[in-house]
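Student: I have a structure I would like to understand better, so I am pasting it below and will then ask my questions one at a time.
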Amino acid sequence: MDSFEYNKVAGAVLATALLVMGLSIGSEIVFEQHAPAKPGFVIDVPKEGEGGGSAPPPVLEPIAVRLAKADVKAGANTAKACLACHSLEKGQPAKIGPNLYNVVGGPDGHMAGFPYSEAMQKRHDAGDKWTFDDLDHFLADPRGYVPGTAMTYAGVKDPQARANVIDYLHTLSDSPLPLPPVEAAPAAPAAPEGAKPGEPAPAP
């Protein structure tokens with residue numbers, strides 16, 4: 001082999017070696033790995049408030065509180081849905097359901113001669129009355145509150161909308177009942193003598 005051919009072979013070998021070396025260095029750069037500051041695995045922990053548990057249900061305000069801020073006009077508008085089954089004015093005949101005049105404060109099954117369900121008739125015979133609280137529960141879930149009632153209406157689910165309707169119904173009376181009083185919130189316990197402003201009182 002003359003020197004020219006030898007140089008060609010040597011050049012090819014050198015070029016191959018350089019190519020392999022370049023690929024090795026390049027792969028280390030592309031796939032470079034950094035050791036963690038602390039050995040171990042990173043585990044994602046949900047932050048407070050991001051848990052999978054459902055949020056607690058909102059606290060239902062007492063009917064007296066909701067009635068104190070009720071909107072009679074809004075209640076009258078919502079009560080239009082009742083007209084499909086009930087009459088509202090004094091002296092009007094029953095429809096599928098009984099007339100609702102004087103219903104608030106009146107006895108369960110208040111309309112004489114109306115064929116109430118057995119469940120409602122039992123409440124009437126027991127002397128039950130349609131208090132503001134009873135109406136609130138009944139209108140929220142009629143069949144749940146009085147199992148066996150003939151009323152098929154699903155109920156008014158919004159608490160304030162129910163209060164609006166009840167406030168309107170209570171005006172449909174010869175002598176409307178006074179609205180129930182709103183109970184005052186309990187007073188905070190007195191701080192001990194010498195306590196700094198903002199310092200909580202001791203537990204009882």
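Student: Looking only at the range 121-144, how many residues end up being crowded, with 19+ Cβ neighbours inside 10 Å and more than 24 Å from Asp158 (Cα to Cα)?
Tutor: Qualifying residue count for the region: 1.
Student: Looking at the range 1-111, what helices (runs of 4 or more DSSP H) fall wholly within it and have at least 2 residues that are exposed (fewer than 10 other Cβ atoms within 10 Å of the Cβ) and at pLDDT below 55?
Tutor: On the way: elements: 3-30, 63-68, 72-78.
Output list reads 3-30.
Student: Quick test for you: out of Asp133, Asp128, pick the one residue that is more than 29 Å from the chain's Cα centre (by Cα) and either modelled with pLDDT of 95 or more or under 25 Å from Ala163 (Cβ atoms) (or both).
Tutor: Numbers: Asp133 fails: more than 29 Å from the chain's Cα centre (by Cα).
Among Asp133, Asp128, only Asp128 is more than 29 Å from the chain's Cα centre (by Cα) and either modelled with pLDDT of 95 or more or under 25 Å from Ala163 (Cβ atoms) (or both).
Student: For the range 93-131, enumerate the residues that are of a type outside the set (A, V, I, L, M, F, W, C) and under 18 Å from Pro176 (Cβ atoms).
Tutor: Narrowing the range 93-131 to residues of a type outside the set (A, V, I, L, M, F, W, C): 93, 95, 97-99, 101-102, 105-110, 113, 115-118, 121-125, 127-129, 131.
Residues satisfying the conditions are Asn99, Tyr101, Asn102, Gly105, Gly106, Pro107, His110, Lys129, Thr131.
Student: Check the range 185-204 and report whether any residue there is at pLDDT 50 or above, of a type in the set (A, V, I, L, M) and out of contact with any helix residue (DSSP H, G or I) (no Cβ under 6 Å at 6 or more places or on another chain). Walk me through how you get there before you give the answer.
Tutor: Residues of the range 185-204 that are at pLDDT 50 or above, as a first pass: 193-194.
Now drop any that are not of a type in the set (A, V, I, L, M), which leaves none.
Scanning the range 185-204, I find no residue that is at pLDDT 50 or above, of a type in the set (A, V, I, L, M) and out of contact with any helix residue (DSSP H, G or I) (no Cβ under 6 Å at 6 or more places or on another chain), so the answer is no.
Student: Further, regarding this structure: All but one of (1) in contact with an Asp or Glu (Cβ under 6 Å, 6 or more places away or on another chain); (2) assigned to a helix (DSSP H, G or I) hold for Val165; state the number of the condition that does not hold.
Tutor: (1)
Student: Could you identify the single residue in Ala150, Ala154, Ala161 that is at pLDDT below 95, within 19 Å of the chain's Cα centre (by Cα) and of a type in the set (A, V, I, L, M)?
Tutor: Working: Ala150 fails: within 19 Å of the chain's Cα centre (by Cα); Ala161 fails: at pLDDT below 95.
Result of the check over Ala150, Ala154, Ala161: Ala154.
Student: Restricting to the range 116-140, count the residues that are assigned to a loop (DSSP other than H, G, I, E, B) and within 21 Å of Lys95 (Cα to Cα). Full working, then the answer.
Tutor: As a first pass, look at the range 116-140 and keep what is assigned to a loop (DSSP other than H, G, I, E, B): 116-117, 126-128, 130-131.
Applying the additional criterion that residues be within 21 Å of Lys95 (Cα to Cα) yields 116-117, 130.
The number of residues fulfilling the criteria is 3.
Student: May I ask you to list the residues in the range 61-104 that are over 29 Å from the mean Cα position of the chain (by Cα), of a type outside the set (A, V, I, L, M) and closer than 12 Å to Thr171 by Cα?
Tutor: Hits for the range 61-104 are Glu89, Lys90, Tyr101, Asn102.
Student: Among (1) over 22 Å from Ala70 (Cα atoms); (2) touching a Cys at 6+ places or on another chain (Cβ under 9 Å), where does Gly109 come up short?
Tutor: Of the numbered conditions (1) over 22 Å from Ala70 (Cα atoms); (2) touching a Cys at 6+ places or on another chain (Cβ under 9 Å), the odd one out for Gly109 is (2).
The values are calculated or read from the model by the stated rules, or taken from the named source; none is laboratory data. Owing to the predicted nature of the structure, the values given are computational and were not obtained by experimental measurement. Don't worry about glycine lacking a Cβ; one is built from the backbone with ideal geometry, like all the others, and counts go over all protein chains shown.
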